[in-house]
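Participant: The structure that follows is given in the form of structure tokens.
The values are calculated or read from the model by the stated rules, or taken from the named source; none is laboratory data. The structure presented is a predicted model; accordingly, all values stated were derived computationally and were not measured. Don't worry about glycine lacking a Cβ; one is built from the backbone with ideal geometry, like all the others, and counts go over all protein chains shown.
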Amino acid sequence: MKPDPVRIGVVGSVNLDIVASVRRFPEPGETITGASVERHPGGKGANQALAARRLGADVYLLACLGADDMAGEALAGLTQAGVNLDFCRYLDGYNTGLALIWVSDEGENKIVVAPGANAAFGEDQLELPHVDALIAQLEIPQDTIIAAARGNNAFLTLNAAPVRPLSRQLLERTDLLVVNEIEARAVGAELTGFSGMIATTYGRNGASLRQGGREIARAQSPRVRAVDTTGAGDTFTAALTVGLIEGLDPQAALERACLAAAISVTRPGAQGSPTREELAAFTPD
Ligand code: RIB
């Protein structure tokens with residue numbers, strides 16, 4: 001029977017995103033001017049926690065931030081939405097993670113992350129509430145994710161972003177791996193023998209879900225006017241996990257995740273994920 005509401009633990013990163021909007025990206029060695037700059041809460045872990053919360057889940061964020069002024073700013077949206085932050089740790093001597101992001105007129109982005117406290121998130125800072133599912137990404141050490149997943153049978157979603165070699169131990173514990181096309185090419189060879197589900201996202205062309213070498217679901221994205229694609233994968237990851245844990249069949253869960261991600265790109269910043277009511281009210285252009 002599906003738990004109601006589902007309990008999701010997100011073990012991952014928190015960043016403050018400094019976003020420069022530019023007409024086009026500069027070439028190497030080129031200076032361009034005329035950008036406008038905004039600060040937004042971000043980090044893949046925080047974005048996914050908020051997206052799951054907006055879909056009605058009880059969400060616990062397990063993360064490390066700096067003991068600095070940026071921490072509160074980075075967590076503002078989660079605080080407001082009611083994500084449980086009791087398992088966040090604030091580390092002396094570290095900065096809160098910082099992401100420098102360029103967003104072009106087409107809504108595409110380029111991101112450089114200075115991880116700060118995210119990289120210092122070790123087993124010592126980890127305490128885990130009882131949850132139905134854990135969601136993790138690769139902006140924190142993989143050993144910490146393995147430790148979080150050890151000793152419980154929570155469903156484990158791993159968003160393999162940013163790309164890095166995957167720990168075999170972590171893969172063996174993973175139930176759902178989420179990758180975009182670039183990440184899929186990078187980790188493809190490591191997935192031999194992987195028995196979980198693999199969700200691959202194709203941007204505006206939707207997503208597929210495969211298991212055991214077979215496609216079990218495919219969904220299109222509705223056409224929307226993209227303003228900022230940053231965080232679309234985070235919304236997708238959270239929505240797919242919440243849907244599957246709620247007991248939706250794979251096709252319905254994938255369609256909902258594509259719709260949630262599409263709505264998120266119509267808003268600036270990485271935390272534009274929709275509520276359940278906004279999903280229901282969506283009408284295509
Ligand atoms: O997935 C988008 C996120 O990647 C941004 O919010 C940024 O902080 C980086 O972690």
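Participant: In the stretch 97-188, which strands (runs of 3 or more DSSP E) lie fully inside it and hold 3 or more residues that are in contact (Cβ under 8 Å) with a residue 12 or more places away in the chain and more than 16 Å from the ligand (Cβ to nearest atom)?
Facilitator: none
Participant: Continuing with this model, one more query. Exactly one of these conditions fails for Glu255: (1) surrounded by 24 or more Cβ atoms within 10 Å (Cβ to Cβ); (2) under 24 Å from Arg210 (Cβ atoms). Give me its number.
Facilitator: If we test Glu255 against (1) surrounded by 24 or more Cβ atoms within 10 Å (Cβ to Cβ); (2) under 24 Å from Arg210 (Cβ atoms), just (1) comes out false.
Participant: Here's another thing I want to ask about it. From the list Gly233, Gly213, Gly272, Gly247, which residue is among the small types (Gly, Ala, Ser), buried (at least 18 other Cβ atoms within 10 Å of the Cβ) and either within 24 Å of Ala154 (Cβ to Cβ) or more than 16 Å from the ligand (Cβ to nearest atom) (or both)?
Facilitator: Only one candidate passes the filter, namely Gly233.
Participant: When you check Ile245 against the structure, is it of a type outside the set (Asp, Glu), modelled with pLDDT of 95 or more, outside any loop (DSSP other than H, G, I, E, B) and under 27 Å from Ser104 (Cβ atoms), yes or no?
Facilitator: no
Participant: Quick check on my filter: what residues within the stretch 110-148 are surrounded by fewer than 18 Cβ atoms within 10 Å (Cβ to Cβ) and of a type in the set (Val, Ile, Thr)?
Facilitator: Within the stretch 110-148, Ile111, Val112, Ile146 qualify.
Participant: A follow-up question, please. Which of the residues that make up the stretch 269-285 are out of contact with any Ser or Thr (no Cβ under 8 Å at 6 or more places or on another chain) and of a type outside the set (Gly, Ala, Ser)?
Facilitator: Gln271, Thr275, Arg276, Glu277, Glu278, Leu279, Phe282, Thr283, Pro284, Asp285
Participant: Also, quick follow-up: Find the strands (runs of 3 or more DSSP E) located wholly in the stretch 4-68 whose residues include 2 or more that are modelled with pLDDT under 95, in contact with a Gly (Cβ under 7 Å, 6 or more places away or on another chain) and away from the ligand (no atom under 15 Å from the Cβ), and list them.
Facilitator: Filter on the stretch 4-68 gives an empty set.
Participant: Same structure again: Among the residues of the stretch 255-276, write down those that are in a helix (DSSP H, G or I) and touching a Phe, Trp or Tyr at 6+ places or on another chain (Cβ under 9 Å).
Facilitator: The answer is Ala257, Cys258, Leu259, Ala260, Ala261, Ala262, Ile263, Ser264.
Participant: Looking at Arg267, Arg256, which is the one that is among the basic types (Lys, Arg) and away from the ligand (no atom under 16 Å from the Cβ)?
Facilitator: Being among the basic types (Lys, Arg) and away from the ligand (no atom under 16 Å from the Cβ) holds for just one of Arg267, Arg256, which is Arg256.
Participant: Say whether the condition of being within 16 Å of the ligand (Cβ to nearest atom) and polar (S, T, N, Q) is met by at least one residue in the stretch 75-89.
Facilitator: no
Participant: Any chance you could count how many residues in the stretch 149-186 are β-branched (Val, Ile, Thr) and surrounded by fewer than 21 Cβ atoms within 10 Å (Cβ to Cβ)?
Facilitator: Residues meeting the conditions: 2.
Participant: Within the stretch 216-230, count every residue that is away from the ligand (no atom under 16 Å from the Cβ) and touching a Lys or Arg at 6+ places or on another chain (Cβ under 7 Å).
Facilitator: 2
Participant: Is it true that some residue in the stretch 79-86 is in a loop (DSSP other than H, G, I, E, B), in contact with a helix residue (DSSP H, G or I) (Cβ under 8 Å, 6 or more places away or on another chain) and not small (Gly, Ala, Ser)?
Facilitator: Yes.
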